[in-house]
Structures are given as structure tokens and as C-alpha cells.
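This report refers to the structure that appears directly beneath it.
The values are calculated or read from the model by the stated rules, or taken from the named source; none is laboratory data. Computed from a predicted model, the values in this text were never measured in an experiment. Cβ: placed from backbone, ideal geometry, glycine included. Neighbour counts: every protein chain shown. To get the accessible areas, we keep the full protein, side chains included, count just its heavy atoms, and leave off ligands, DNA and RNA. Shrake-Rupley method; radii C 1.70, N 1.55, O 1.52, S 1.80 Å.
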Amino acid sequence: GTALRTRIRVDPHGVQIYGAWIAGDLDLDGLPSDAKFGLQLTACRLDRPLTLRDGSLPWLRLRSCVLPTLAADRAKIGELALEGCAALDGDGVSLERVNVTNDVRLTGTLIAGRRHAGGGPAAPTVQLRGAKVGGRLCLERVTVVRPAGGAGPAVCLTAAEIDGSLTLRGATLRGAAGPALQADLAIIKSGAVLSDGFAACGGGGGPAVALDGAT
């Protein structure tokens, strides 16, 4: 038979979605690295998680969106941004061992995970363990709330490598039964800025900010 090949042309500005209500999963897991276009969601509502585990995109930008969970563990991304968003009643933002070539911006965003029953260990509300960021990691004016019911940090940067700066200007981090910010063994090559009303409240009797072995 004759093989039919379909060429899909995508605008150089990538796939841009405005004002959509997405009721099901937005599953981009394993998206191949030959994807030449990025994805931008603006003023969208997602009832289910957006996932890009083990996938690849030149950029992923969410602006003024509401969603339960963003999970991009082990993904390769050129630029990642959540600006003016709300991630509520899900598993927060999970970027474990993500590799981002340029900046990661979680700015002006509220991230509050669901309550965990049983009081045992659970994933951080913002997980960046082992992440590699080629630019800045910017969490300006972000609010991260670790709900009651699970031990662990609100924001985890353990063993993360950040070539640029870590900026937490105006951020509010609240842990329930652990540090608000845990960055043990992290390497931040251009310094860290915790100012302009930065607030960290830990729980469980330990430190609010843990930087053991950090550089």
C-alpha cells in the first residue's frame, strides 16, 4: 500500500489557548523532543492535572489559569512560567529532576495542595528536588501553603542546581509539619534574594528555612 504522511504546520508562536475550560486530563507525558512548538494557556480553567512527565517542550507558559496540579517530573523544557495562576486542591507543582534551559518563573501564583490524611510523609507542595535550571528560579509574590495532614516542606529545592539566582521577593511560604523552604545541598550560582516581605513559617518544631550543605 501507499504510505500517507500528514505534515502538521504549527504557528511559530506555538499553540496558544485562551479562555478554555478543559474538563479532562491534559496529558503531554512523554511528548517527544522533536516538538518544535511550545504551549501557552491564558485564562484557562483545568479541572484535571496538566502533565508533562518525561516529555519535552521549547516553552510551557500558564497565565491567569486555575488548575489542580502541574506535574512535569524529568521533563526537558526551554522555559517554564506560571504567572498569576492558582493551583488548588491537587498535588501542587511537581518538577522533580526537571531540566529547564532558561528561567523558571512561578510569580504571583497561589499554590495550595489538598489535605493529606494520616499525617505521614507526602510530596512537597512545590517539588523541585534535583532540578536543573539554566537561568533564574523566580518565585516572586508566590504563596505556597502546605496543608495539614502530611509531613514535608512546602517548597523543596533539595539538590537543585540553579545557574542563575533564586528570587523569593514578596513570597509567603507556609509549612504544616516541616520547613517552609528546604534547600539542602542546593547549588545556587548567582545568589539568593529573600526580601520585600518574604515570609516563611515552618511546622513540627524544626527550622522554617533549611539550607544544610547548600552552596
Q.
I'm checking my understanding of the structure. Among residues of segment 188-215 that are touching a Pro at 6+ places or on another chain (Cβ under 8 Å) and part of a loop (DSSP other than H, G, I, E, B), which one is surrounded by the most Cβ atoms within 10 Å (Cβ to Cβ)?
A. 202
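For (1) touching a Leu at 6+ places or on another chain (Cβ under 7 Å); (2) over 24 Å from residue 189 (Cα atoms); (3) of a type in the set (Val, Ile, Thr), each residue gets a yes or a no:
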site: 67; (1), (2), (3): yes, yes, no
site: 70; (1), (2), (3): yes, yes, no
site: 74; (1), (2), (3): no, no, no
site: 87; (1), (2), (3): yes, yes, no
site: 92; (1), (2), (3): no, yes, no
site: 100; (1), (2), (3): yes, no, yes
site: 106; (1), (2), (3): yes, no, no
site: 114; (1), (2), (3): no, yes, no
site: 132; (1), (2), (3): no, no, no
Q | Long-range neighbours under 9 Å by Cβ, at least six apart or interchain, first residue assigned to a loop (DSSP other than H, G, I, E, B) within segment 24-46, second of a type in the set (Ser, Thr, Tyr) and open to solvent by 50 Å² or more (accessible area, probe 1.4 Å) | A | 43/18; 43/64; 44/18; 44/64
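For residues that are part of a loop (DSSP other than H, G, I, E, B), at negative phi and open to solvent by 20 Å² or more (accessible area, probe 1.4 Å), scanning just segment 148-164, find the one that is modelled with the highest pLDDT.
Quick first cut of segment 148-164, residues part of a loop (DSSP other than H, G, I, E, B) only: 148-150, 153-154, 157-160, 163-164.
Still in the running and at negative phi: 148, 150, 153-154, 157-158, 160, 163-164.
Next cut, open to solvent by 20 Å² or more (accessible area, probe 1.4 Å) only: 148, 163.
On the way: 148: 70, 163: 98.
So the residue we want is 163.
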**Q.** Subset of segment 77-110 (residues that are under 9 Å from the mean Cα position of the chain (by Cα) and open to solvent by less than 10 Å² (accessible area, probe 1.4 Å))
**A.** 80, 81, 82, 92, 93, 95, 104, 106
Q: Looking only at segment 47-71, count how many residues are buried (at least 19 other Cβ atoms within 10 Å of the Cβ) and assigned to a loop (DSSP other than H, G, I, E, B).
A: 3
Q: Please find, among 113, 135, 130, the residue that is open to solvent by less than 20 Å² (accessible area, probe 1.4 Å) and closer than 25 Å to residue 31 by Cα.
A: 135
Q. Within segment 165-181, can you find the residues that are open to solvent by 10 Å² or more (accessible area, probe 1.4 Å) and under 16 Å from residue 138 (Cα atoms)?
A. 165, 169, 170, 172
**Q.** Residue satisfying all of: in segment 165-187; part of a strand (DSSP E or B) and not charged (D, E, K, R); nearest to residue 132 (Cα to Cα) among these
**A.** 187
Q. Say we look at segment 138-147 and pick out the residues that are buried (at least 24 other Cβ atoms within 10 Å of the Cβ) and in a loop (DSSP other than H, G, I, E, B); which of these is modelled with the lowest pLDDT?
A. 146
Q. Part of a loop (DSSP other than H, G, I, E, B) and either within 24 Å of residue 148 (Cα to Cα) or open to solvent by less than 40 Å² (accessible area, probe 1.4 Å) (or both): does that describe residue 123?
A. yes
